[in-house]
Amino acid sequence: MDLATLLQVLDSTVRLATPLLLACLAGLFSERSGIFDIGLEGKMLAAAFFSGAIAAVTGSVWLGLLAGIAASMVLSGIHGLASITFRGNQLISGVAINFLAAGLTVVIAQAWFQQGGRTPSLIGGARFAPITQPFAETLKNVPVLGPVYYQLFSGHSILVYLAFLMVPATWWVLLRSRFGLRLRAVGEAPEAVDTAGVSVIGTRYAAVAICGVLCGVAGSYLATGLQAGFVKDMSAGRGYIALAALIFSKWRPWHALGATMLFGFLQALALRPDIIETALRVPIPVQLLDALPYILTVVILAGFVGRATPPRAGGSPYVKER
Amino acid sequence: MTFFNSFLGTAAATALCAGAAMADPALIFDLGGKFDKSFNEAAHKGAERWAEDTGNSYNEIELQSEAQREQALRRFAKAGNNPIVMTGFAFGSVLEEVAPDYPDTKFAIIDMVVDAPNVRSVVFNEHQGSYLVGILAAMASETGTVGFIGGMDIPLIRKFACGYVQGVKAADPDAEVIQNMTGSTPAAWNDPVKGGELAKAQISQGADVIYAAAGGTGVGVLQAAADENILSIGVDSNQNYMHPGEVLTSMVKRVDNAVYEAFDQGADLETGIKVMGLANDGVGYAVDRFNADLITEEMKTAVEKAKESIVSGEVIVHDYMSDGTCPVE
């Protein structure tokens, strides 16, 4: 495999891993506060639709992004209401959100645009354009580093850079700030936080809201960054892969980056069966590569590679009075 | 007496109306809806053309849910509509149950074979149409490498791929065809992001014309091709307009012709399997104002010649579904 091919695969990896990374960090915030979130997929899908629809109608991708985030946050609010305020089952609420998003997006799209559950194609300012980083063109011919900078680092949409910046930001918020300490404590021992006079309910709602924002960005990236419009079910299971990545990373921000990059790389590699065949000299079924993220997650869960311990209070609603 | 006369008159008028309703054909659109820019819209166009040409009217319904399939079929059959045309393979199992209950009504189903004495099953020779766009792709390619991106990995899509490769090799025996399938589950029909990435991967391998037979995923392929300034080929309905000047052509399935013909034959609809191929303009390649500049005279001559030799039986395009293999890679 030569450098150009490798760069192409890595470039593809970055694009495919970005929605996974954003959704994974979204799940990280929610689950670290003790709220399991199966509904990442549904939130991404709703965000993809509303960002595509509003961008198509207004011609502004930024309004689209806001609409996508708003739609995702509404679903987050429903999830919070069901699982925090009404102490419902978090898994059932999450599954319900996935169904709700899958059905509603198509119905609204059909009633709104009459294009078989699609939004019109986005053109011009209604899409996130790739950003060429400074000096990318001039440095292009520098051996090795030039192409790496030009192809891998430059030429992505702004949401990609935002997603990567979210990793240190998440690390700082969760592990270095006071809010993060409380958020993690709420996920491990909510009664202790409550005794200290911090609102468990409020902290959990804040975590779920952050989750909504990040899922909204992830969904908007699918419809307005990678593609030019919404197509029904376009999230295509990425929310579930992000969940797998979350477990794979054992609920830690930097590991989440590694896990999503690995899963993104596997997806990118699955697009190039010819590379694998020349490298390994045996044809590998594409289906195996598609299934690898899940297989790896099961391996991690089974405890072969260290232990994956979820937040202790995860999945259980907090009841103040005993 | 006057009362009796007017009563008779009304009765006669009612009978006439009923007679008119009896003759009316009906069309059922699948869940995509009649303005889906693809399959159903083509059926709608065919029906409208028939109504305009003949001055007759027809009944139609757009399904809103899976549960309405049988209901709609029975409702139309009871109301005396004849023939009843439905679009899409999803009606197959429902029609199998409904058709025997209404032996005097003729049904036509598109893209599916239902074995009943009062059903016409319309199937298309997609491999022949794909062969023609394969010739165009090979001639339009400057790198000598072209791509194919399928949706879900099923025999029908392999039929598209196999016809396409045969066409490419016929025009340029040295040409290379990169083939990818999006996936092996129905999600593969609606993953434009993966479609776009597949297109970019094929472009990096040198492909400069990519044929997408992948439903909603194809939207992503056409988009990525337009973004990277290479040519793409649409499928099913004419998709040339989606990126003017950047979609080489579209492999069209003339669903409109199938509907028109069924309506035209009315209650005397010929039943059995009806194959729509190149000979009866069932499949073809689309040329319109959006791609007229992309198709050169030389390409036009070559593709028309190929079309003639397929129709005359001189060239036989191998159908993947006949034996599950493809003679070329």
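All of the numbers you see were taken from the coordinates with simple rules; none came from a lab. Computed from a predicted model, the values in this text were never measured in an experiment. Cβ placement follows ideal geometry from the backbone for every residue including glycine, while neighbour counts extend to all protein chains displayed.
For B:ILE210, nonlocal amide neighbours, meaning residues 5 or more places apart or on other chains whose placed amide H falls under 5 Å from its own, are B:GLY147, B:LEU231, B:SER232, B:ILE233. Each pair of Cα atoms in the stretch B:193-263 enters the Kirkwood radius, and Stokes-Einstein at 37 °C and 0.692 mPa s then converts it into a translational diffusion coefficient of 264 µm²/s. Listed cross-link partners B:LYS78/B:LYS274; B:LYS169/B:LYS200; B:LYS106/B:LYS307; A:LYS43/B:LYS200 are compared with a 29 Å cut-off, the Cα-Cα value being larger for B:LYS106/B:LYS307. Computed on chain A, with alpha-carbon pairs under 8 angstrom and 6+ residues apart, the relative contact order is 34 percent. The ranking of B:VAL165, A:VAL144 by Cβ neighbour count inside 10 Å, starting from the fewest, reads A:VAL144, B:VAL165. Approximating the spin labels as points 7 Å out from Cα along Cα→Cβ, the A:HIS255-to-B:ARG75 distance works out to 5.6 nm. Going by neighbour counts of Cβ atoms within 10 Å, the residues B:LEU156, A:LEU159 line up, fewest first, as B:LEU156, A:LEU159. For the stretch A:214-322, the gyration tensor built on C-alpha atoms gives an oblate shape. Its axis ratio a/c (a ≥ b ≥ c) is at least 1.5, and a/b is not larger than b/c. Computed from the C-beta positions of A:VAL282 and B:PHE89 and an R0 of 30 Å, the FRET efficiency is 0.25 to the nearest 0.05. Which of rounded, prolate or oblate describes the stretch A:1-153 when judged by the alpha-carbon gyration tensor and an a/c cut-off of 1.5? It comes out oblate by the Cα gyration axes. Counting neighbouring beta carbons within 10 Å and listing from fewest to most, the residues B:GLU41, B:GLU308 come out as B:GLU308, B:GLU41. Between A:LEU145 and B:THR325, the distance separating the two model label sites (each 7 Å from Cα on the Cα→Cβ line) works out to 5.6 nm. Across the stretch B:130-136, rounded Karplus estimates of 3J(HN,Hα) from the backbone phi angles (6.51 cos²θ - 1.76 cosθ + 1.60, θ = phi - 60°) give 5, 4, 5, 5, x, 4, 4 Hz, Gly and Pro being marked x. Calculated on the alpha-carbon coordinates, the convex hull of the stretch A:179-263 measures out at 112 cubic angstrom per residue. Can you say what percent of the DSSP beta bridges in chain B, counting only those with both residues inside, are antiparallel? Round to 5. The antiparallel fraction comes to roughly 5 percent.
In terms of its alpha-carbon gyration tensor, the protein assembly as shown comes out oblate; a/c meets the 1.5 threshold, while b/c is at least as large as a/b. Rounded to the nearest Hz, the phi-derived 3J(HN,Hα) couplings of the stretch A:121-137 under the Karplus curve 6.51 cos²θ - 1.76 cosθ + 1.60 (θ = phi - 60°) are 5, 8, 10, x, x, 8, 10, 7, 7, x, 9, 8, 5, x, 6, 4, 5, where x marks glycine and proline. Charged neighbours of A:GLY146, selected by a Cβ distance under 14 Å, balance to 0 (K, R count +1; D, E count -1). Neighbours of B:VAL94 by Cβ distance under 12 Å: Lys/Arg scored +1, Asp/Glu scored -1, total -4. Each Lys or Arg adds one and each Asp or Glu subtracts one; over the other residues with Cβ under 15 Å from the Cβ of A:VAL286, this totals -3. Considering only B:VAL283, B:MET242, A:MET44, whose Cα is most displaced toward the positive end of the charge dipole of the protein assembly as shown, charges sitting on Cβ of Lys, Arg (+1) and Asp, Glu (-1)? The Cα lying farthest towards the positive end belongs to A:MET44. Spacing of the modelled spin labels on A:ALA4 and A:ILE92, each 7 Å from Cα toward Cβ, amounts to 5.8 nm.
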